Amino acid sequence: MDDSALSELWKNWLHENGRRLMLYARQQSRCEADAEDVLQNALVKTWKTHSGAPDEKVISLAFTNIRRCAIDLGRSYDRRKKREEQSVRETGELVSWFELPDNDDARALQVALSKIPEKFREVVTLKIWGDQTFEEIGRTIGISPNTAASRYRYALQSLRRVLRRDAASVT
């Protein structure tokens, strides 16, 4: 079977099973953005593990990989949180992301951030949660301060569009 035909079979399989896989990923994850990451990682593992065309066993493998990826992500977050809490105890400084409220607005912002390009998301994260200047951001990621400022502006515009679109789809 050629690569094009195999690719089409996987595409059809994902079209048929994607919604229930995403539902399971949501149930296994802490937020929508995590569910998307978990599903993507699990699908990559599934495709790498299962050679050839999808068959009746691949859905079970995909669910198993979703569960394992969600567990790994949760453990990773827990380890990071523990390290950051230890840092807070040692330095007395509170990391700003601890201050994010756990409500619908915060979750909507997390999902919206996951939908904008990585280069914009990185600048927003460094600016808002990292409390860095555009000059510091430029040094950190190897761009000019002006490019960092432009990416920040574009990121805010993108976030506004995504949040408006998501809000419109809810109502």
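Any read-out appearing in this document is the output of simple, stated calculations on the displayed coordinates, not a laboratory observation. Here the structure is a predicted model, which is why all the values come from computation and not from measurement. All Cβ positions, glycine included, derive from the backbone under ideal geometry; neighbour counts span all protein chains shown.
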Report task. Quick one: in the stretch 36-58, of everything that is of a type in the set (A, V, I, L, M), within 15 Å of Lys11 (Cβ to Cβ) and touching a Leu at 6+ places or on another chain (Cβ under 9 Å), which residue is surrounded by the most Cβ atoms within 10 Å (Cβ to Cβ)? Result -> Leu43
Report summary line: Residue pairs within 7 Å by beta carbon, gap of at least six or interchain, first lying in the stretch 31-53 and without any contact (Cβ under 8 Å) to a residue 12 or more places away in the chain, second part of a helix (DSSP H, G or I) and not hydroxyl-bearing (Ser, Thr, Tyr), listed first then second, are His50/Val58; His50/Leu61
Query raised in the report: For the stretch 59-71, how many residues are surrounded by fewer than 14 Cβ atoms within 10 Å (Cβ to Cβ) and under 11 Å from Gln28 (Cβ atoms)?
Result: 1
